[in-house]
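The values are calculated or read from the model by the stated rules, or taken from the named source; none is laboratory data. Predicted model only: the values in this text are computed from it and were never measured. Glycine gets a Cβ as well: all are built from the backbone with ideal geometry, and neighbour counts include every protein chain shown.
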Amino acid sequence: MNAAPSIQKLLDELERLPGVGPKSAQRIAYWILNTDKATAMRLSEAIAEVKETVHFCSRCFNYAEDDLCEICASAKRDRGIICVVSEPRDIPPIERTAAFSGTYHVLGGALSPMEGIGPDDLHIAPLLSRLASEEVGEVLLATNPNVEGETTATYLARLIKPMGIKVTRLASGLPVGGDLEFADEVTLGRAIESRRTL
(Lines give C-alpha, C1' and ligand atoms only; values in the text may rest on other atoms or scores of the structure.)
Protein backbone atom coordinates (compact mmCIF):
# COMPACT_ATOMS: atom_id res chain seq x y z
CA MET A 1 0.00 0.00 0.00
CA ASN A 2 1.36 3.42 -0.98
CA ALA A 3 0.24 5.59 1.89
CA ALA A 4 0.90 9.11 3.09
CA PRO A 5 3.83 9.14 5.58
CA SER A 6 1.54 9.74 8.58
CA ILE A 7 -0.74 6.85 7.58
CA GLN A 8 2.24 4.57 6.98
CA LYS A 9 3.58 5.47 10.43
CA LEU A 10 0.20 4.52 11.96
CA LEU A 11 0.15 1.24 10.00
CA ASP A 12 3.68 0.40 11.13
CA GLU A 13 2.77 1.01 14.79
CA LEU A 14 -0.48 -0.97 14.56
CA GLU A 15 1.35 -3.94 13.01
CA ARG A 16 3.54 -4.07 16.10
CA LEU A 17 0.47 -5.02 18.20
CA PRO A 18 0.16 -8.75 19.00
CA GLY A 19 -2.11 -10.56 16.56
CA VAL A 20 -2.35 -7.58 14.19
CA GLY A 21 -1.06 -8.26 10.69
CA PRO A 22 -0.99 -5.92 7.70
CA LYS A 23 -4.69 -6.41 6.81
CA SER A 24 -5.92 -5.90 10.38
CA ALA A 25 -3.66 -2.86 10.74
CA GLN A 26 -5.15 -1.44 7.55
CA ARG A 27 -8.73 -1.99 8.82
CA ILE A 28 -7.94 -0.33 12.16
CA ALA A 29 -6.15 2.57 10.48
CA TYR A 30 -9.09 3.19 8.14
CA TRP A 31 -11.48 3.03 11.09
CA ILE A 32 -9.37 5.67 12.88
CA LEU A 33 -9.29 7.82 9.74
CA ASN A 34 -13.04 7.53 9.15
CA THR A 35 -14.23 8.00 12.72
CA ASP A 36 -14.86 11.45 14.16
CA LYS A 37 -11.93 13.26 15.75
CA ALA A 38 -13.42 13.08 19.28
CA THR A 39 -13.57 9.26 19.16
CA ALA A 40 -10.00 9.00 17.88
CA MET A 41 -8.82 11.41 20.58
CA ARG A 42 -10.60 9.40 23.31
CA LEU A 43 -8.68 6.32 22.15
CA SER A 44 -5.41 8.25 22.14
CA GLU A 45 -6.09 9.71 25.60
CA ALA A 46 -7.06 6.31 27.02
CA ILE A 47 -3.76 4.83 25.83
CA ALA A 48 -1.78 7.76 27.26
CA GLU A 49 -3.69 7.61 30.57
CA VAL A 50 -3.18 3.88 31.09
CA LYS A 51 0.55 4.24 30.42
CA GLU A 52 0.70 7.13 32.89
CA THR A 53 -1.38 5.73 35.76
CA VAL A 54 -1.04 1.93 35.71
CA HIS A 55 1.92 0.19 37.36
CA PHE A 56 2.54 -3.10 39.17
CA CYS A 57 0.94 -3.87 42.54
CA SER A 58 3.59 -3.77 45.26
CA ARG A 59 2.37 -7.08 46.72
CA CYS A 60 1.36 -9.34 43.82
CA PHE A 61 2.66 -7.61 40.62
CA ASN A 62 -0.81 -7.43 39.04
CA TYR A 63 -1.68 -4.18 37.28
CA ALA A 64 -2.78 -1.45 39.68
CA GLU A 65 -3.49 2.27 39.81
CA ASP A 66 -2.81 2.50 43.56
CA ASP A 67 -0.04 0.87 45.60
CA LEU A 68 -2.13 -2.33 45.82
CA CYS A 69 -4.33 -3.78 43.08
CA GLU A 70 -8.07 -4.07 43.77
CA ILE A 71 -7.75 -7.77 44.63
CA CYS A 72 -4.96 -7.30 47.19
CA ALA A 73 -6.79 -4.31 48.68
CA SER A 74 -10.08 -6.20 49.07
CA ALA A 75 -11.00 -7.44 52.54
CA LYS A 76 -13.30 -10.04 50.93
CA ARG A 77 -10.47 -12.12 49.45
CA ASP A 78 -9.17 -15.29 51.14
CA ARG A 79 -5.56 -14.47 52.01
CA GLY A 80 -4.90 -18.11 52.92
CA ILE A 81 -4.57 -19.14 49.27
CA ILE A 82 -2.40 -17.58 46.58
CA CYS A 83 -2.88 -18.36 42.91
CA VAL A 84 0.43 -18.03 41.04
CA VAL A 85 0.15 -16.98 37.39
CA SER A 86 2.71 -16.06 34.75
CA GLU A 87 1.28 -12.72 33.58
CA PRO A 88 -1.36 -10.19 34.72
CA ARG A 89 -3.46 -11.15 31.66
CA ASP A 90 -3.95 -14.62 33.23
CA ILE A 91 -5.97 -13.18 36.15
CA PRO A 92 -9.18 -12.02 34.36
CA PRO A 93 -10.04 -15.46 32.92
CA ILE A 94 -9.69 -16.99 36.40
CA GLU A 95 -11.76 -14.20 37.96
CA ARG A 96 -14.54 -14.72 35.38
CA THR A 97 -14.99 -18.31 36.58
CA ALA A 98 -15.98 -17.10 40.10
CA ALA A 99 -14.38 -20.37 41.30
CA PHE A 100 -11.42 -18.70 43.05
CA SER A 101 -11.65 -16.21 45.92
CA GLY A 102 -8.04 -16.01 47.06
CA THR A 103 -5.27 -13.62 46.08
CA TYR A 104 -2.72 -13.77 43.27
CA HIS A 105 0.98 -13.55 42.61
CA VAL A 106 2.23 -12.68 39.12
CA LEU A 107 5.62 -14.11 38.20
CA GLY A 108 6.19 -11.85 35.20
CA GLY A 109 6.86 -14.79 32.87
CA ALA A 110 7.91 -18.41 33.05
CA LEU A 111 11.21 -20.24 33.34
CA SER A 112 12.72 -20.72 29.92
CA PRO A 113 16.40 -21.67 29.82
CA MET A 114 16.30 -21.56 26.00
CA GLU A 115 15.36 -17.87 26.16
CA GLY A 116 17.69 -17.14 29.06
CA ILE A 117 14.87 -16.65 31.59
CA GLY A 118 15.90 -18.00 34.97
CA PRO A 119 14.51 -17.76 38.53
CA ASP A 120 16.15 -14.37 39.14
CA ASP A 121 14.27 -12.91 36.15
CA LEU A 122 10.87 -13.71 37.71
CA HIS A 123 9.08 -12.49 40.86
CA ILE A 124 9.91 -15.70 42.73
CA ALA A 125 11.82 -14.10 45.65
CA PRO A 126 8.88 -11.78 46.49
CA LEU A 127 6.55 -14.81 46.40
CA LEU A 128 8.74 -16.68 48.88
CA SER A 129 8.84 -13.57 51.09
CA ARG A 130 5.04 -13.42 51.05
CA LEU A 131 4.80 -17.09 51.97
CA ALA A 132 7.20 -16.56 54.88
CA SER A 133 5.40 -13.49 56.24
CA GLU A 134 1.71 -14.15 55.44
CA GLU A 135 -0.44 -16.99 56.75
CA VAL A 136 -0.86 -18.98 53.55
CA GLY A 137 -2.16 -22.55 53.59
CA GLU A 138 -2.24 -23.26 49.86
CA VAL A 139 -0.48 -22.12 46.71
CA LEU A 140 -2.33 -22.87 43.47
CA LEU A 141 0.13 -22.97 40.57
CA ALA A 142 -1.81 -21.72 37.54
CA THR A 143 1.01 -21.34 35.05
CA ASN A 144 0.22 -22.21 31.43
CA PRO A 145 0.02 -25.94 30.59
CA ASN A 146 3.03 -25.85 28.26
CA VAL A 147 6.68 -26.84 28.72
CA GLU A 148 7.71 -23.52 30.29
CA GLY A 149 4.65 -23.41 32.56
CA GLU A 150 5.13 -26.99 33.74
CA THR A 151 8.84 -26.37 34.36
CA THR A 152 8.00 -23.27 36.38
CA ALA A 153 5.32 -25.09 38.41
CA THR A 154 7.67 -27.98 39.21
CA TYR A 155 10.44 -25.59 40.25
CA LEU A 156 8.08 -23.60 42.51
CA ALA A 157 6.62 -26.76 44.05
CA ARG A 158 10.13 -27.86 45.06
CA LEU A 159 10.71 -24.50 46.77
CA ILE A 160 7.32 -24.21 48.48
CA LYS A 161 6.64 -27.76 49.76
CA PRO A 162 9.45 -27.67 52.38
CA MET A 163 7.70 -24.59 53.87
CA GLY A 164 4.80 -26.86 54.90
CA ILE A 165 2.37 -25.19 52.48
CA LYS A 166 -0.02 -27.24 50.35
CA VAL A 167 0.89 -26.89 46.66
CA THR A 168 -1.78 -27.55 44.02
CA ARG A 169 -1.86 -27.33 40.23
CA LEU A 170 -4.73 -26.69 37.83
CA ALA A 171 -6.34 -30.02 36.95
CA SER A 172 -7.19 -31.51 33.58
CA GLY A 173 -9.41 -29.72 31.15
CA LEU A 174 -6.87 -27.21 29.89
CA PRO A 175 -5.22 -28.15 26.60
CA VAL A 176 -1.50 -28.78 26.74
CA GLY A 177 0.36 -26.07 24.88
CA GLY A 178 -2.51 -23.58 25.34
CA ASP A 179 -2.61 -20.21 27.10
CA LEU A 180 -4.93 -19.35 30.01
CA GLU A 181 -6.09 -16.11 28.40
CA PHE A 182 -7.78 -18.14 25.62
CA ALA A 183 -9.46 -20.73 27.87
CA ASP A 184 -13.23 -20.60 28.27
CA GLU A 185 -14.71 -20.01 31.73
CA VAL A 186 -16.29 -23.47 32.10
CA THR A 187 -13.07 -25.34 31.32
CA LEU A 188 -11.00 -23.05 33.50
CA GLY A 189 -13.55 -23.22 36.35
CA ARG A 190 -13.47 -27.03 36.30
CA ALA A 191 -9.68 -27.00 36.25
CA ILE A 192 -9.64 -24.80 39.37
CA GLU A 193 -12.24 -26.89 41.21
CA SER A 194 -10.40 -30.14 40.33
CA ARG A 195 -6.90 -28.92 41.11
CA ARG A 196 -4.46 -31.56 42.28
CA THR A 197 -1.70 -31.64 44.86
CA LEU A 198 1.85 -31.71 43.48
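General observations
- Flag if Lys76 is assigned by TED's automatic domain parsing to the domain that holds Asp179 and loosely packed, with under 12 Cβ neighbours inside 10 Å: yes
- Within segment 170-192, not a single residue is surrounded by fewer than 22 Cβ atoms within 10 Å (Cβ to Cβ), assigned to a strand (DSSP E or B), on the phi < 0 side of the Ramachandran plot and not assigned by TED's automatic domain parsing to the domain that holds Gly19.
- Verdict on Arg96 being closer than 27 Å to Leu170 by Cβ, assigned by TED's automatic domain parsing to the domain that holds Thr151 and either touching a residue at least 40 places away in the same chain (Cβ under 8 Å) or aliphatic (A, V, I, L, M) (or both): yes
- Entry remark, segment 145-198: residues being over 19 Å from the mean Cα position of the chain (by Cα) and among the acidic types (Asp, Glu) number 1 in total.
- Of the criteria (1) of a type in the set (Lys, Arg); (2) free of Cβ contacts under 8 Å to residues at least 40 places away in the same chain; (3) assigned to a loop (DSSP other than H, G, I, E, B); (4) not assigned by TED's automatic domain parsing to the domain that holds Thr152, which one Lys9 fails: (3)
- When segment 149-185 is filtered for residues that are over 30 Å from Gly116 (Cβ atoms) and without any contact (Cβ under 8 Å) to a residue 60 or more places away in the chain, the ones remaining, listed by number, are Gly164, Lys166, Ala171, Ser172, Gly173, Asp184.
- Being surrounded by fewer than 17 Cβ atoms within 10 Å (Cβ to Cβ) and in contact with a Pro (Cβ under 8 Å, 6 or more places away or on another chain) is a description that does not apply to Gly118.
- Contact map, segment 61-79: residues that are among the small types (Gly, Ala, Ser) paired with residues that are crowded, with 19+ Cβ neighbours inside 10 Å, Cβ distance under 8 Å, separation 6+ or inter-chain. Pairs shown: Ala64/Cys57; Ala64/Cys72.
- Residue check for Phe61: over 21 Å from Arg158 (Cβ atoms), over 11 Å from the mean Cα position of the chain (by Cα) and hydrophobic (A, V, I, L, M, F, W, C): no
- One residue stands out among those in segment 93-106 that are out of contact with any helix residue (DSSP H, G or I) (no Cβ under 7 Å at 6 or more places or on another chain) and of a type outside the set (Ser, Thr, Tyr): the one that is farthest from Leu180 (Cα to Cα), which is Gly102.
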